[in-house]
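So the structure is just underneath, and the comments pick up after that.
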Amino acid sequence: LCAHRTDIIWRRWGQVRLVGRVAPIIVYEAFDHCALKDWSFVATFHRALESFERGDFDHARDLFLHAETQRPGGDEPSRSYVGWCEGLLLEGPPMGWEPVFETHK
């Protein structure tokens, strides 16, 4: 509904599978362009997410860490992905792994 608005910066947050749904949905986060002085963390986050989705967890972790430091006050989604990357690096991805957050009741 507001994809045409130039005053909004969109960050693709990733994919989420909702309880009761088979297919994951892509989730976006909206930022007010005027409220962010430096939104370079969004581009870094997108590069990190691309690496993560390719299965390059080491590179993704480094980029998520960088995105987290680029955003004043830190970036919670980046921290969440760092933890996910570290777990996957330690244990390896399970059989049938998908880059999708699962919701639970």
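Please treat every number below as a calculation from the coordinates, not as lab data. Keep in mind the model is a prediction, meaning the values are calculated, not measured. Here the Cβ positions follow ideal geometry from the backbone for every residue, glycine too, while neighbour counts run over all protein chains shown.
Starting from the Cα coordinates of the chain, work out the convex hull volume and express it per residue in Å³. Don't jump to the answer; show the numbers that get you there.
Values: hull volume 13.4 nm³, N = 105.
Measuring per residue, one finds 127 Å³ for the Cα hull of the chain.
For the stretch 1-47, state the average projected area of the convex hull of the C-alpha atoms over all orientations, rounded to one decimal in nm².
Working: hull surface 17.2 nm².
Convex hull of Cα atoms, orientation-averaged projection: 4.3 nm².
Among 89-95, 62-68, what's the highest-first ranking by average C-beta atoms within 10 angstrom per residue? Don't skip to the end; give the middle numbers.
Details: 89-95: 9.3, 62-68: 21.3.
Answer by packing, highest mean first, reads 62-68, 89-95.
Students often check this: by mean Cβ neighbours within 10 Å, which of 48-56, 19-27 ranks highest, and how do the rest follow? Could you put the intermediate results ahead of the total?
On the way: 48-56: 17.3, 19-27: 9.7.
Highest-to-lowest ranking by the protection proxy: 48-56, 19-27.
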